[in-house]
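Read through the structure below, which is laid out as structure tokens, and then see the notes.
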Amino acid sequence: MAKVRATSDSRTSVEYGAPARLRELGERFLALQGYGYGTIANTAKRVDEAIGVDPGTFDEGLLVGQPPRWGSVLWGDYDVAAVDSRLAGMGIERAEQDGATLWTSGADLEIDFDGPFIGVVQTNQFNVIRTAEGAFAFAPARAGVEWVSVPGDETLAADERIGGLARCLGDVVAARIEREAAGVLEDGTEVFCLAADKDAVEKALAGDVPSTRQSWDELLPGATAEADGDLVRVTAPGRDGAPVGRVLRAMVTGDLRALT
């Protein structure tokens, strides 16, 4: 978070993942693979074949903002020279930038179905790419790449809401932060944080999940709530052998919002 600029767009949504660690954790964490690079998760194999970047091998990934204004970065070691060579061979415009290389394949937010990345990414995910030692950034517009590459003085870590929710989640291997935050720890513990009254959350957890009408106890057995400053942190222990990601699904369906 400290490496990403806080803007009105980047604050709207944050997706985080530890791709290489998620691969190591195996089948139980399969549903979380792609977190941190969700906009290219479905075409990750084609990206690797085309330019030599395998997103699943990076240490961390972060995706901020929402379509069409978003930016994404993967942090970790990769063969920068080999990737630059592949991109140069595609005839993409390049510019050197403070030890990095900025590649521009299309105008900001443009969708060009005759562009160099047709068949590699779905639309305009690679309009702008920034390659540098330890970081591979991409976005549909230059601004998105700048958010995740040149943080400036005001970062997401220092943002009261985003930073507070991230600290509440703890050391997760996958997470999403919007109005609420949800994530999974590497031991399979499911956790979510929200601005709410602890007693109200506990009362809601005794009822049913709005979207499915199953009980919260069935979805998150053993869940407990505790106050964490102005937030409430709910944790549910991982179940032996059971797939993880239940709280992240509940966030997507809007069920977590019903607990406030």
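Of note:
- Normalised contact order of the chain, rounded percent, pairs of Cα under 8 Å and 6 or more residues apart: 20
- Expected 222 nm ellipticity per residue - DSSP helices of 4 or more, -39500 (n - 2.57), all of the chain, to 500: -6500 deg cm²/dmol
- A Gaussian network model of the chain, with springs between Cα atoms under 10 Å, assigns the largest mean-square fluctuation among E218, E202, E110 to E218.
- Dimensionless Rg over Rh [segment 147-200; C-alpha; Kirkwood]: 1.04
- Whole-Å semi-axes of segment 221-260's equivalent ellipsoid (Cα gyration tensor): 19, 15, 7
- Kirkwood Rh in Å, taken over all unlike Cα pairs in the chain: 19.1
- Per the Cα gyration tensor, segment 33-127 maps to an equivalent ellipsoid with semi-axes of 18, 17, 14 Å, ordered largest to smallest.
- Segment 150-189 and segment 195-246 have Cα centres spaced 18 Å apart.
- GNM remark for the chain: springs join alpha carbons under 10 Å apart, and the peak mean-square fluctuation among S72, S85, S149 falls on S85.
- Helix 80-89 and the long axis of the chain differ in direction by around 60°, with both axes built from C-alpha atoms.
- Whole-number D in µm² s⁻¹ for segment 126-260, Kirkwood Cα-pair radius fed into Stokes-Einstein, 4 °C, 1.567 mPa s: 79
- Among E146, E96, E27, the residue with the largest mean-square fluctuation in a Gaussian network model of the chain, with springs joining Cα atoms closer than 10 Å, is E96.
None of the figures in this text is laboratory data; all of them are computed from the coordinates on show. Everything numeric in this text was worked out from a predicted model, so none of it was measured.
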